[in-house]
1. Let me check something: with ligands and nucleic acids excluded, how do Arg74, Arg48, Arg11 order by accessible area (1.4 Å probe), largest to smallest?
2. In whole percent, how big is the carbon plus sulfur part of the accessible area of the chain, probe 1.4 Å, protein atoms only?
3. Enter the angle in degrees (range 0 to 90, nearest 10) between the Cα long axis of helix 52-61 and the first principal axis of the Cα atoms of the chain, meaning the one along which they spread out most.
4. So for Ser39, Ser82, what's the accessible-area order with a 1.4 Å probe, most first?
5. Starting from the chain, pick out the GluC sites (Glu not before Pro) whose DSSP state is loop and whose Cβ has at most 16 other Cβ atoms within 10 Å.
6. Rolling a 1.4 Å sphere over the protein heavy atoms, what is the accessible area per residue of the chain, to the nearest Å²?
7. Using Rg and Dmax of the Cα atoms in Å as the read-out, say which of [x] 14.2, 52; [y] 46.4, 149; [z] 12.1, 37 was calculated from these coordinates.
8. Counting only the heavy atoms of the protein chains, how much of His87 is accessible to a 1.4 Å probe, in Å² to the nearest 10?
Amino acid sequence: MCGIVGAVAQRNIAEILIKGLQALEYRGYDSAGLAVADSEGKMTCLHRTGKVKSLVDAAKTQPLLGNTGIAHTRWATHGKPSELNAHPILSTHIAVV
C-alpha cells in the first residue's frame, strides 16, 4: 500500500511532509521520498529505501527548502525496491507519485 502527502505553505514544508509520511507508517512500503519546490520553481528531491527514518536521516544532511511539495511511501508492484524506483519521480518542473 502506498501513501501520498502534499502540502503548500508560506514556510518550508519538508518537515510537514515527513510528519505526514510518519503518520502513514502503519502501511506496508519499501521506500519513501519527497520533492519540494521553492518560490522560484527550483525542485529538490530525496529518496531512500526502507523506513521513513532513513529519509529523515538523509534530510538532516541534504537541506530541502521549498513551500510546495509532495511525499510518497511506495510498495513495489513493479521494479525492485531501490532509490531509483522510489517516488516522487522528478522531471524539470514536475514531481509525480
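1. Values: Arg74 10, Arg48 65, Arg11 140 Å².
If we order Arg74, Arg48, Arg11 from most to least accessible, we get Arg11, Arg48, Arg74.
2. Details: 3170 of 5530 Å².
Within the chain, the accessible surface is 57 percent carbon and sulfur.
3. Helix 52-61 and the main axis of the chain meet at about 40 degrees.
4. On the way: Ser39 110, Ser82 25 Å².
So the residues, ranked largest to smallest area, are Ser39, Ser82.
5. Working: sites: Glu15, Glu25, Glu40, Glu83; in loops: Glu25, Glu40, Glu83.
Here the sparse-neighbourhood loop sites are Glu25, Glu40, Glu83.
6. Values: 5530 Å² over 97 residues.
For the chain, the per-residue accessible area is 57 Å².
7. Checking each listed value against the structure points to [z].
8. 40
The values are calculated or read from the model by the stated rules, or taken from the named source; none is laboratory data. Just so it is clear, the structure is predicted and the values come from calculations on it, not from any experiment. Every residue, glycine among them, receives a Cβ derived from its backbone with ideal geometry; neighbour counts consider all protein chains shown. For accessibility, only protein heavy atoms count, side chains too; no ligands or nucleic acids. Shrake-Rupley method; radii C 1.70, N 1.55, O 1.52, S 1.80 Å.
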